[in-house]
Structure formats: C-alpha cells, structure tokens
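Report on the following structure.
The values are calculated or read from the model by the stated rules, or taken from the named source; none is laboratory data. Bear in mind the structure is a predicted one, so any value in this text is a computation, not a measurement. Note: accessible area is taken over every heavy atom of the protein model, side chains too, but ligands, DNA and RNA are not part of it. Shrake-Rupley method; radii C 1.70, N 1.55, O 1.52, S 1.80 Å.
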Amino acid sequence: NAGVTQTPKFRVLKTGQSMTLLCAQDMNHEYMYWYRQDPGMGLRLIHYSVGEGTTAKGEVPDGYNVSRLKKQNFLLGLESAAPSQTSVYFCASSYAPGRRNYGYTFGSGTRLTVV
Amino acid sequence: AQKITQTQPGMFVQEKEAVTLDCTYDTSDPSYGLFWYKQPSSGEMIFLIYQGSYDQQNATEGRYSLNFQKARKSANLVISASQLGDSAMYFCAMNRGATNKLIFGTGTLLAVQP
C-alpha cells in the first residue's frame with residue numbers, strides 16, 4: 001500500500017523555468033492538498049481539491065497552478081519559478097469530513113531549490 | 001480567524017521523562033478537530049493523535065496523550081517516557097470546515113537527551 005507518492009523528491013530550477021510536481025494517492029481519498037514548508041513558518045496551504053475536476057486556492061496560491069483530472073492525482077505547477085518558491089512541498093490527501101478517520105496522509109515531500 | 005499557536009520553539013527533555021508540548025488555538029466554529037504531527041529529521045510528516053471538539057475524553061495513542069482543555073482552547077501533547085527516537089519537530093494543527101483544510105502551528109523542536 002503506497003499511500004501518497006510525490007515525484008520528484010528533489011529538484012533544482014533556474015529562475016524562470018517551469019516544472020510540475022506530481023502527487024498520486026491510492027487510498028481513494030476525495031480530498032487532496034498542496035502545502036509548502038518554510039523554516040519557522042510551519043506548513044501553509046497552497047491549493048486544494050475536494051474532488052476530481054475541482055480545485056481551490058489556499059493561503060499562498062500566487063505563482064502556482066494545480067489540476068486534478070483524475071481522483072488519484074493532484075498536480076502542482078510552477079509556470080515561472082522564483083527564488084521565493086524555494087521550499088519543501090508536501091502533498092496530502094484525506095477522506096471527506098463525516099468519516100471518523102479524516103486525518104491527512106502526507107507524501108514524503110519535494111525539496112525544491114530555485115537559483 | 002482561525003489560528004494555531006505553539007509558543008515553544010525548542011525543548012529539551014531527558015530520556016525516560018515525560019514532556020508536554022504546548023498548543024493553543026483560536027476558532028469560533030463549534031466543530032473542529034485537533035491534530036499532532038511529528039516530523040523527524042528525515043522530513044516525513046507522521047500523524048500522532050487526533051482530538052475532536054465534541055470528544056468527551058482526552059485522546060490517547062500509546063505513549064502520546066492529548067490534554068484537551070476546551071475552555072482554555074488548548075490542546076497540549078504529552079509524551080510519556082521519552083525515547084531518543086522522539087527527537088523531532090512537532091506540529092499542532094486544526095482542521096477548518098467542510099474542506100478539511102488544516103492550519104498548522106510553527107512547530108516545536110524537541111530534543112531528547114540520554
């Protein structure tokens with residue numbers, strides 16, 4: 001049982017380059033999330049999705065886009081990377097509220113450096 | 001606005017002793033959930049314990065317990081009999097509404113000393 005898989009695990013980009021982070025879950029979770037983690041700031045929500053074909057902005061959405069074409073996948077895109085986007089990115093998934101076990105399952109993270 | 005506050009940036013504890021990590025929260029919603037996650041140096045986020053706002057008893061999971069004081073809006077994590085492997089960053093989090101978005105505190109770095 002893989003849980004939540006993020007690819008890639010590490011990446012170095014030059015300013016202005018684009019890339020896509022892939023998140024895949026095999027738990028049939030309805031909800032999926034992208035967070036970024038920066039020192040001293042905890043995790044902050046970038047975008048999230050409550051179902052296939054739906055996405056919504058979180059706390060820090062600027063500079064990112066997302067898509068959820070399939071229930072199991074949630075993609076995070078950076079169209080023109082900036083040094084301020086250097087961070088560790090976490091994908092997570094959960095059941096919809098109403099079920100007892102609606103805690104998050106996290107991926108292992110992607111460490112992105114923009115130079 | 002909903003907010004999670006962890007006032008202890010770092011803490012030390014001796015092996016085999018108990019330690020309490022503080023967490024206070026602010027919300028006007030009557031229904032919410034509180035979570036604690038552990039992040040070791042390897043970086044993954046590990047779920048530890050959950051407390052629902054309507055739960056009558058404090059949550060426990062093995063050596064972890066959550067001291068839930070609703071009136072004070074606090075949800076402190078208690079780790080009993082600390083082990084060297086407990087050295088990690090610990091995050092308190094609260095979920096928000098129907099979208100189940102989690103908001104996180106800034107974390108507490110715990111160091112267990114032999």
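Could you tell me the ratio Rg/Rh of the protein assembly as shown? Both radii from Cα atoms, Rh via Kirkwood.
On the way: Rg = 17.6 Å, Rh = 18.2 Å.
Result: Rg/Rh = 0.97.
Surface analysis of chain B yields an accessible area of 48 Å² per residue, using protein heavy atoms and a 1.4 Å probe. In order along region A:55-72, the Karplus-derived 3J(HN,Hα) couplings, from 6.51 cos²θ - 1.76 cosθ + 1.60 at θ = phi - 60°, round to 9, 8, 7, x, 6, 10, x, 5, x, 10, 9, 9, 8, 9, 7, 10, 4, 7 Hz, and Gly and Pro are given as x. Put simply, the amide H of B:Asn76, placed in the peptide plane, has neighbours under 5 Å in B:Cys23, B:Asn67, B:Gln69, leaving out anything fewer than 5 places away on its chain.
Run through every distinct alpha carbon pair of chain A and return the Kirkwood hydrodynamic radius in angstroms, one decimal place. The partial results should precede the final answer.
Values: mean 1/r = 0.0709 Å⁻¹.
About 14.1 Å, per the Kirkwood formula over Cα pairs.
The lysines whose alpha-carbon is closer than 23 Å to the alpha-carbon of B:Lys38, local same-chain residues fewer than 8 away aside, are A:Lys9, B:Lys3, B:Lys16, B:Lys70, B:Lys73, B:Lys101. Close amide H partners of B:Gly107, meaning residues 5 or more places away or on another chain with modelled amide H under 5 Å apart, are B:Gln6, B:Cys92.
Which of the three applies to chain B, rounded, prolate or oblate, going by the alpha-carbon gyration tensor with a ≥ b ≥ c and a/c under 1.5 meaning rounded? Taking the square roots of the gyration eigenvalues as a ≥ b ≥ c, chain B is prolate.
Annotation: amide H-H contacts under 5 Å for A:Thr86 (H modelled 1.01 Å from N, sequence separation of 5 or more, or interchain): A:Val114.
Partner aspartates and glutamates whose Cα lies under 20 Å from the Cα of A:Lys57, excluding those fewer than 8 positions away in the same chain, are identified as A:Glu30, A:Asp38, A:Glu79. The distance separating the Cα centre of region A:52-115 from that of region B:51-78 comes to 29 Å.
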